[in-house]
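J.: Below you will find the structure I want to go over with you.
The values are calculated or read from the model by the stated rules, or taken from the named source; none is laboratory data. Predicted model only: the values in this text are computed from it and were never measured. All Cβ positions, glycine included, derive from the backbone under ideal geometry; neighbour counts span all protein chains shown. Just the protein is used for accessible areas: all its heavy atoms, side chains included, with ligands, DNA and RNA removed. Shrake-Rupley method; radii C 1.70, N 1.55, O 1.52, S 1.80 Å.
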Amino acid sequence: MAAIEAENLTRVYRVGDGEVRALDGLSLSVPGGELAAVMGPSGSGKSTLLALLGGLDTATAGRVSVHGEALETKSADELAIYRRDSVGFIFQDFFLLGHLTAEENVEVPLKLAGMERTERLARARELIEQVGLCHRGGHLPNQLSGGERQRVAIARALSNRPKLVLADEPTGNLDEKTGHEIADMLVQLNAEQNIAMLLVTHNPVVADRAQRQFRLGSGKLIEETVKP
């Protein structure tokens with residue numbers, strides 16, 4: 001089963017008396033367990049696509065499904081459950097809670113899911129160790145480097161064992177060396193855990209790590225490249 005199926009996906013925003021077509025009949029597919037990258041200039045529709053796939057927004061027209069689950073027919077409450085249980089988000093700006101330690105940040109989605117405290121503590125520690133931060137689990141975000149904060153964000157994204165991970169410029173705020181390390185980690189996690197991942201990036205070196213690349217322009221798919 002495909003991890004992502006988008007068919008004639010359109011998203012129109014009203015701006016004053018006019019409209020902006022952020023996505024304009026976009027169709028694409030990502031097989032299960034694959035790591036795919038989305039590239040394109042600002043305004044090409046990359047972030048809108050992530051928002052629709054993550055259940056943060058709804059399409060104006062067209063169809064989109066994740067592992068066979070149609071999103072366009074879901075209510076707001078159903079989309080909230082979908083985001084909680086099926087999607088892991090990684091952002092350029094990390095969005096960690098400053099008053100919580102690394103481990104406590106990883107626990108947040110588990111609390112929302114109602115996991116019992118002992119189990120979620122064990123899961124958070126397991127993930128912090130998995131991303132190489134077992135010695136930093138008790139530190140606050142402002143005591144961590146940018147690369148360490150992004151590792152915590154990756155651990156948090158994996159906490160509920162999502163079917164899909166969406167990463168929006170995951171290396172955008174990192175230096176080149178650290179960015180490559182984070183890209184390596186995503187590739188490794190994708191291979192080891194067979195989790196479908198879609199990442200938006202302006203960095204061609206990062207995009208080249210993906211098995212499949214999509215290039216967008218003006219809300220449309222301009223080019224698709226698949227590694228042999």
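J.: Find the residue count for the stretch 189-206, including only residues that are closer than 17 Å to Ser42 by Cα and crowded, with 21+ Cβ neighbours inside 10 Å.
T.: Restricting attention to the stretch 189-206, the residues satisfying the condition of being closer than 17 Å to Ser42 by Cα are 199-204.
This time we only want the ones that are crowded, with 21+ Cβ neighbours inside 10 Å, so: 199-201.
Within the stretch 189-206, residues that are closer than 17 Å to Ser42 by Cα and crowded, with 21+ Cβ neighbours inside 10 Å number 3.
J.: Can you pull out the residues in the stretch 25-44 that are more than 17 Å from Thr171 (Cα to Cα), part of a loop (DSSP other than H, G, I, E, B) and either open to solvent by 10 Å² or more (accessible area, probe 1.4 Å) or of a type in the set (Phe, Trp, Tyr) (or both)?
T.: First, the residues of the stretch 25-44 that are more than 17 Å from Thr171 (Cα to Cα): 25-34, 43-44.
Restricting the remaining residues to those that are part of a loop (DSSP other than H, G, I, E, B) gives 32-34, 43-44.
Hits for the stretch 25-44 are Gly32, Gly33, Glu34, Gly43.
J.: Kindly establish whether Val12 is in a strand (DSSP E or B) and within 16 Å of Leu166 (Cα to Cα). Spell out how you get there, then give the answer.
T.: Numbers: in a strand (DSSP E or B): yes; within 16 Å of Leu166 (Cα to Cα): no.
Judged against the criteria, Val12 is not a match.
J.: Out of all the residues in the stretch 47-68, which are part of a strand (DSSP E or B) and surrounded by fewer than 16 Cβ atoms within 10 Å (Cβ to Cβ)? Step through it out loud before you land on a result.
T.: Within the stretch 47-68, the first condition is being part of a strand (DSSP E or B), and the residues that meet it are 61-66.
Result: Ala61, Arg63.
J.: Let me ask you something else. Would you check which residues across the stretch 191-228 are in contact (Cβ under 8 Å) with a residue 24 or more places away in the chain and among the basic types (Lys, Arg) and list them?
T.: Those that are in contact (Cβ under 8 Å) with a residue 24 or more places away in the chain and among the basic types (Lys, Arg): Arg209, Arg212, Arg215, Lys220.
J.: While we're here: Is it the case that Ala22 is in contact with a Phe, Trp or Tyr (Cβ under 7 Å, 6 or more places away or on another chain) and buried (at least 18 other Cβ atoms within 10 Å of the Cβ)?
T.: Here the answer is yes, as Ala22 does meet what is asked.
J.: Considering Leu186, Leu174, which residue is in contact (Cβ under 8 Å) with a residue 24 or more places away in the chain, of a type in the set (A, V, I, L, M) and open to solvent by 10 Å² or more (accessible area, probe 1.4 Å)?
T.: Values: Leu186 fails: open to solvent by 10 Å² or more (accessible area, probe 1.4 Å).
Sole residue among the options that is in contact (Cβ under 8 Å) with a residue 24 or more places away in the chain, of a type in the set (A, V, I, L, M) and open to solvent by 10 Å² or more (accessible area, probe 1.4 Å): Leu174.
J.: Of everything in the stretch 69-104 that's loosely packed, with under 14 Cβ neighbours inside 10 Å and hydroxyl-bearing (Ser, Thr, Tyr), which residue is nearest to Thr10 (Cα to Cα)?
T.: Thr73
J.: Given (1) under 29 Å from Ile81 (Cβ atoms); (2) out of contact with any Leu (no Cβ under 7 Å at 6 or more places or on another chain), identify the lone condition not met by Ala210.
T.: (2)
J.: For the subset of the stretch 71-93 comprising residues that are of a type in the set (Lys, Arg) and free of Cβ contacts under 8 Å to residues at least 40 places away in the same chain, which member is nearest to Val206 (Cα to Cα)?
T.: Start the filter on the stretch 71-93 by keeping residues that are of a type in the set (Lys, Arg), which leaves 74, 83-84.
Restricting the remaining residues to those that are free of Cβ contacts under 8 Å to residues at least 40 places away in the same chain gives 74, 83.
Details: Lys74: 33, Arg83: 25 Å.
Looking at residues that are of a type in the set (Lys, Arg) and free of Cβ contacts under 8 Å to residues at least 40 places away in the same chain, I get Arg83.
J.: Here's another thing I want to ask about it. Confirm whether His139 is surrounded by fewer than 13 Cβ atoms within 10 Å (Cβ to Cβ), of a type outside the set (Ser, Thr, Tyr) and either out of contact with any helix residue (DSSP H, G or I) (no Cβ under 6 Å at 6 or more places or on another chain) or touching a residue at least 24 places away in the same chain (Cβ under 8 Å) (or both). Working first, answer last.
T.: Details: surrounded by fewer than 13 Cβ atoms within 10 Å (Cβ to Cβ): no; of a type outside the set (Ser, Thr, Tyr): yes; either out of contact with any helix residue (DSSP H, G or I) (no Cβ under 6 Å at 6 or more places or on another chain) or touching a residue at least 24 places away in the same chain (Cβ under 8 Å) (or both): yes.
No, not satisfied.
J.: Also: Pairs, please: C-beta under 6 Å, at least 6 apart or cross-chain, first residue under 17 Å from Leu56 (Cβ atoms) and in the stretch 5-20, second open to solvent by 70 Å² or more (accessible area, probe 1.4 Å) and not hydrophobic (A, V, I, L, M, F, W, C)?
T.: Hits for this filter: Thr10/Thr60; Arg11/Thr60; Val12/Glu19; Val12/Arg21; Val12/Thr60.
J.: If you scan the stretch 105-119, which residues turn out to be surrounded by 13 or more Cβ atoms within 10 Å (Cβ to Cβ) and small (Gly, Ala, Ser)?
T.: Ala113
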